[in-house]
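Throughout, read-outs are computed from the coordinates displayed, never taken from laboratory work. Remember, predicted model here, so these are calculated numbers, not experimental data. Note that we place each Cβ from the backbone using ideal geometry, even for glycine, and neighbour counts take in every protein chain shown.
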Amino acid sequence: MIATPDDYTWLTEAADNWCFTYVRGLRPEQVVIRRGGRPEDFTSMTYDQMSDAACSGPGAFIGVATIGDWAFVIEPDWNGIAEEVIMPLSAGTRLVSHYLMTIKALDYFYWIEDGELRFCFIAQEGYLGEVPDELVESMERIDSVSSPFFDLHDGPAFILAERLTGITLTPQLLEESTYLCGVVPEPQSWEMPCPQ
């Protein structure tokens, strides 16, 4: 069955003010190291435990789970879409990252291949650049079932992420995964990748 934006509306609340990042071929410990953390300082947690722990202490709190061939990173706030975070994290692999803050209607979506920005959605500016061939069918499906003024987080971001990663997020997958959790340095710059 092909997913539609309505299939992902349950994630709107779960994803609000959180960044979801998928990195192909990395283990959670490798993500932690690339983000400047020390795996030995991290703890295994459930999604519920992670949500409770995320607001304490300095630094950027992250949780990383393994889903198939992907490292799946969840973190509060938008540290995970900062250019100095996602560009190095994508080195030698594919990275897909998206963030939303519903109260301000801020939606961001990035697809990066080995440091090269392939596609993005920038909050309140829309899709920038040409749609790559790999996403044309998904974009047509989104456009056919969404209103002209859809919110990216109400489904389309998850459809695009599913197309690029093969991962269909479900409540069970989100809640039953085990996450390696801890703190990494916050980005020094809040610049985000933009097409040239």
Query - W18 long-range amide H proximity, modeled H, under 5 Å - result: D77, L100
**Report entry** For peptides 17-27, 37-47, sequence by mean Cβ density within 10 Å, most packed first
**Finding:** 17-27, 37-47
Query - Potential extension, E84-N17 segment - 0.36 nm per residue separation minus Cα distance - result: 22.2 nm
